[in-house]
Amino acid sequence: MPRSGGPTGGTQADVGSGGVDHPALLPDARTSLEAARTVAAGCTACDLFARATQTVFGEGPGHAPLFLLGEQPGDREDVEGHPFVGPAGELLGRALDDAGVRREEAFVSNVVKHFKWKPQGKRRLHERPNAAEIRACRPWLDLELDLVRPEVLVLLGATASAAVLGPAFRLTSGRGSVIEPDGVGPARVATFHPSAVLRARDAEARSTMYASLVADLVTAAARAAPGLPGPGPSAVARRSGSAR
Ligand code: SF4
């Protein structure tokens, strides 16, 4: 059974809303990840469903020790219906590999489950979800965390970090440290979003951010499952290279 209250183990900023009639609170949604995914497919709790192709629910093992949380699905994820399958997902996969973590051992999801975008010609440009949309989607994240019960929640980027740790949290000063829970819930580690690494101003900045992302994943993995093998020599060699 899902545990009650505070699955992110954090501050007041963690407290979700969404109202008592939110579909994530329906008993039918709370029995398993598959049940939650099925109910979430029909979620209309905020306006974002209207212009997106489909709900992109979290994916991964039912009791993954590592839970990776991004902002929202992107264009590819929206079309394919899976989280982190676009360019950012490819980079995240390499970073996990370099950190000694098999991607299929981690649960991956987003703060918001529908793609928010604005048109630019024929392209759909990512738009950051606002506070109301993040609040509306919060019961789904809380349910995912209730069901998966990870050891560590990795917060990828500023939106996920602010959603869980509060708006005062600064990624620049706070990333890479293990934040232990005050009560129930996972430890938390904030780090760069893979998209931010891809958008770095030049190759040197990209390489530095990528190395930080990998180092933070190593930190998170060590806290989540101390017995994991960690990065191998080839991975370390790649880490000292570029983000590719
Ligand atoms: S973004 Fe979240 S709350 Fe809004 S419609 Fe989609 S699943 Fe529901």
Out of (1) surrounded by fewer than 13 Cβ atoms within 10 Å (Cβ to Cβ); (2) modelled with pLDDT of 95 or more; (3) within 15 Å of the ligand (Cβ to nearest atom), the one V20 does not meet is (2)
Filter the stretch 93-111 for residues that are more than 26 Å from A136 (Cβ to Cβ) and assigned to a loop (DSSP other than H, G, I, E, B); the one that is farthest from the ligand (Cβ to nearest atom) is G100
Flagged in the stretch 37-54 as among the hydrophobic types (A, V, I, L, M, F, W, C), more than 6 Å from the ligand (Cβ to nearest atom) and part of a loop (DSSP other than H, G, I, E, B), in numbering order, are A41, A52
Checked the stretch 69-79 for anything more than 10 Å from the ligand (Cβ to nearest atom) and either touching a Phe, Trp or Tyr at 6+ places or on another chain (Cβ under 6 Å) or not β-branched (V, I, T) (or both); matches are L69, G70, E71, G74, D75, R76, E77, D78
Exception for G9 within (1) within 13 Å of the ligand (Cβ to nearest atom); (2) closer than 16 Å to V111 by Cα; (3) at pLDDT below 95 falls at (1)
In the stretch 80-92, residues that are within 16 Å of the ligand (Cβ to nearest atom) and closer than 16 Å to R124 by Cβ total 1
Practice problem: Please verify whether the stretch 164-176 includes one or more residues that are within 14 Å of the chain's Cα centre (by Cα), of a type outside the set (V, I, T), buried (at least 19 other Cβ atoms within 10 Å of the Cβ) and part of a helix (DSSP H, G or I). | Solution: yes
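Listed here are the residues, each with its yes/no results for (1) at pLDDT below 95; (2) touching a Leu at 6+ places or on another chain (Cβ under 9 Å); (3) under 28 Å from A35 (Cα atoms); (4) not charged (D, E, K, R).
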position: A136; (1), (2), (3), (4): no, yes, yes, yes
position: A160; (1), (2), (3), (4): no, yes, yes, yes
position: T172; (1), (2), (3), (4): yes, no, no, yes
position: I179; (1), (2), (3), (4): no, yes, no, yes
position: A187; (1), (2), (3), (4): no, yes, yes, yes
Counting only residues in the stretch 148-160 that are outside any loop (DSSP other than H, G, I, E, B) and crowded, with 22+ Cβ neighbours inside 10 Å, the one nearest to the ligand (Cβ to nearest atom) is identified as A160
Residues of the stretch 112-139 being free of Cβ contacts under 8 Å to residues at least 60 places away in the same chain, within 16 Å of the ligand (Cβ to nearest atom) and among the small types (G, A, S), in sequence order, are A131
In the stretch 112-137, residues that are of a type outside the set (V, I, T), surrounded by 12 or more Cβ atoms within 10 Å (Cβ to Cβ) and outside any loop (DSSP other than H, G, I, E, B) total 7
Taking the stretch 55-79 and the residues there that are hydrophobic (A, V, I, L, M, F, W, C) and in a strand (DSSP E or B), the one that is nearest to P119 (Cα to Cα) would be L69
Restricting the stretch 188-214 to residues that are among the β-branched types (V, I, T) and in a helix (DSSP H, G or I), the one surrounded by the fewest Cβ atoms within 10 Å (Cβ to Cβ) turns out to be T208
Within the stretch 55-68, of all residues that are crowded, with 23+ Cβ neighbours inside 10 Å and away from the ligand (no atom under 14 Å from the Cβ), the one nearest to L145 (Cα to Cα) is F67
Exception for G183 within (1) surrounded by fewer than 14 Cβ atoms within 10 Å (Cβ to Cβ); (2) modelled with pLDDT of 95 or more falls at (2)
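The values are calculated or read from the model by the stated rules, or taken from the named source; none is laboratory data. Only a predicted model underlies this, so the values are computations on that prediction, with no experimental measurement involved. Please note: Cβ atoms are built from the backbone with ideal geometry, for glycine as well, and neighbour counts cover all protein chains shown.
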